[in-house]
Amino acid sequence: MPPATFFYEQNEAVEQLAAGEDAIFESRTPFLVFAASVGYNRDHWVENHDEDGEMRWNYIGQNKRLAMITAALAYAHTEDPDAISDPEMQINVLTSFAAGGARILKREVVDEPGRNLDNLITFIQDHREAKATEERVGVLEQIENEVSSFRSSE
């Protein structure tokens, strides 16, 4: 049985992007999942994060999209199939990566000059461009390796 509530780290990014007057996210719940995704993507795990925020687990568990993302993050991190159905494991992964992701978002979105929405859009675009470049480099390396293997087999 999942816990009724869990604790996570709050910082200025949570307050500005999910709870402030100009909040971009509809609530702290989708922000927490987004921040965990950022933390996972940037490999920013925070082991002993603050626990100054409290959230009901059912806010995630009853939202199919958020529950699926949380389960996927837990499985991707642990490589344990049990993570898909283990709320405790999911909460641990969610809160640790969310702490890292929220710190990144504070530094790269909230602390930057300009409007938070514009900064978040730039942050996402920069990530997409970096990912596309990384994928292209990977394809080029693969082609180079295959061409090299042809040469060595002649």
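Structural remarks
- Total residues in the range 3-17 satisfying the condition of being farther than 13 Å from residue 92 by Cβ, surrounded by 15 or more Cβ atoms within 10 Å (Cβ to Cβ) and among the hydrophobic types (A, V, I, L, M, F, W, C): the figure is 3.
- Close pairs (6 angstrom Cβ cut-off, 6 or more residues apart or separate chains): closer than 13 Å to residue 25 by Cβ in the range 110-124, small (Gly, Ala, Ser) anywhere: 110/13
- Tally, over the range 19-48, of residues that are assigned to a loop (DSSP other than H, G, I, E, B) and either buried (at least 21 other Cβ atoms within 10 Å of the Cβ) or of a type in the set (Gly, Ala, Ser) (or both): 3
- Checking residue 83 against (1) modelled with pLDDT under 95; (2) surrounded by fewer than 20 Cβ atoms within 10 Å (Cβ to Cβ), the condition it does not meet: (2)
- Here is the figure for the range 11-46: residues that are at pLDDT below 90, touching a helix residue (DSSP H, G or I) at 6+ places or on another chain (Cβ under 8 Å) and farther than 17 Å from residue 112 by Cα total 1.
The values are calculated or read from the model by the stated rules, or taken from the named source; none is laboratory data. The structure presented is a predicted model; accordingly, all values stated were derived computationally and were not measured. Please note: Cβ atoms are built from the backbone with ideal geometry, for glycine as well, and neighbour counts cover all protein chains shown.
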